[in-house]
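The numbers here are math on the coordinates, done by the rules we state, and not lab data. In this text the structure is predicted, and so the values were computed from the model without any measurement. Glycine also receives a Cβ, built like all others from the backbone with ideal geometry; neighbour counts cover every protein chain displayed.
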Amino acid sequence: MPTISLQGQVALVTGASSGIGTGVAKALGDAGATVVVNYSRSAKGAEATVAEIKAAGGEAIAIQADVSQEDQVIRMFQQIFDTYGTIDILINNAGLQKDSPFPDMTLEDWNTVIGINLTGQFLCAREAVKEFIRRGVVLERSCAAGKIICISSVHEVIPWAGHCNYAASKGGVMLLMKSMAQELAPYKIRINSIGPGAIKTPINRNAWETAEAEAKLLRLIPYNRVGEAEDIGKATVWLASDESDYVHGVTLFVDGGMTLYPEFAHGG
Ligand code: NAD
């Protein structure tokens, strides 16, 4: 298998100041892409990601924008165009949880999660798609006019009590991704999702940071290890590259088998 190269392509990773976003940004940088590291609040985390990419010989900048705010997203894309001229790859990664039992869930927490996890993906995808259509295919860059990878979750298909807003946002991402993929394929814009299982990041620290918590979590993972941001980074590089050119409109679950209903492994 050839080494995957994203040389000459510009990639935006939203929410790349920590966790999966950082892992993905570094993997794209290692593959030769110029990386735009978006962050909302943590300039320090974003600058650290940029520094790591540059230390490995890559090119990167950090741009602040809250992905749930239309004006900030438009401004971020303008900054990308002013700096690098265009964009080739969007990784819609920014997301968060605001968990609570359903009867106690506030409208504010519902709106915050939908606003960032779902509307944020729509806003970034729309700006990227406008540019992909304007520029079209440039074969020296890629055989697609652009690639979008939505970071979804196993919870786009697994219901999740106590996390109704989060599961609804990821279920929404699934049909946003598929509908965009159906509509935009004629422009040679390739759109897919990655559905991570349990990955060790700040979002789910309480699920893996003690030995007891990790043992409980592993009961849900047939492959018997908790994932790392690098697992998502490697899958993202492949899905963003021409190596996956005929893959379109699917969710690639990177979850150690979490979506295989492990409770039924011994007859249910
Ligand atoms: P994380 O908390 O480390 O990363 C989320 C990032 O999004 C943070 O850098 C945060 O600052 C950023 N962010 C939050 N609101 C933002 C906004 N309004 N604008 C821009 N950036 C914003 O957690 P993570 O696990 O790395 O999560 C990344 C993505 O992966 C999320 O979409 C999450 O739902 C998804 N995911 C994670 C797991 C897991 O097990 N860690 C599993 C499935 C899906």
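Can you compute the FRET efficiency between THR3 and ILE133 using 1/(1 + (r/R0)^6), with r the Cβ-Cβ distance and R0 = 30 Å? Round to the nearest 0.05.
With a Förster radius of 30 Å, E is 0.50.
In nm, to one decimal, how far is the modelled label at PHE264 from the one at GLN78, with both set 7 Å along Cα→Cβ?
In this crude spin-label approximation the distance works out to 5.2 nm.
Can you give me the pair-distance distribution of the range 4-151, C-alpha pairs, 5 Å bins, whole percents?
Going out from 0 Å in 5 Å bins, the range 4-151 shows 2, 10, 20, 22, 20, 13, 7, 4, 2, 1, 0 percent.
Can you tell me the alpha carbon radius of gyration of the chain divided by the globular rule-of-thumb value 2.2 N^0.38 Å?
It is 0.97.
In whole Å, what is the distance between the alpha-carbon centres of the range 73-116 and the range 175-253?
Spelled out, the Cα-based centre of one part sits 17 Å from the other.
By the scheme Lys and Arg +1, Asp and Glu -1, what is the net charge of all other residues having a beta-carbon under 12 Å from that of ILE89?
The answer is 0.
Treating only the Cβ of Lys, Arg, Asp and Glu as charged (+1, +1, -1, -1), what charge dipole size does the range 10-266 show about its Cα centre? Round to the nearest 20 debye.
Computed charge dipole of the range 10-266: roughly 280 debye.
Do the sum for the chain: with -39,500 (n - 2.57) for every DSSP H run of n ≥ 4, divided by all residues, what is the mean residue ellipticity at 222 nm, to the nearest 500 deg cm²/dmol?
Using -39500 (n - 2.57) per qualifying helix, the result is -12500 deg cm²/dmol.
Go ahead and set up a Gaussian network model of the chain, Cα springs under 10 Å, then flag whichever of SER42, SER193, SER17 fluctuates most.
Evaluated over the chain, the most mobile residue of the options is SER42.
State, as an integer percentage, the relative contact order of the range 10-266 based on alpha-carbon contacts under 8 Å between residues 6 or more apart.
The normalised contact order for the range 10-266 reaches 20 percent.
From the phi of every residue in the range 262-268, what ³J(HN,Hα) in whole Hz does the Karplus formula 6.51 cos²θ - 1.76 cosθ + 1.60 yield, where θ is phi - 60° and glycine or proline is x?
These are the phi-based 3J(HN,Hα) values: x, 4, 9, 4, 10, x, x Hz.
Residue separation times 0.36 nm, minus the C-alpha to C-alpha distance between ASP104 and LYS54: what's the value?
That works out to 13.5 nm of additional length.
Given a Förster distance of 22 Å, report the FRET efficiency between ILE158 and VAL250 from their Cβ-Cβ distance, rounded to the nearest 0.05.
0.80
Let me check I have the definition right: for the range 50-125, take the eigenvalues of the Cα gyration tensor, multiply each by 5, take square roots. What are those semi-axes in whole Å, largest first?
Equivalent ellipsoid of the range 50-125: 30, 15, 9 Å, largest first.
Please check: in the Gaussian network model of the chain (C-alpha springs, under 10 Å), which one of SER169, SER100, SER241 has the largest mean-square fluctuation.
SER100
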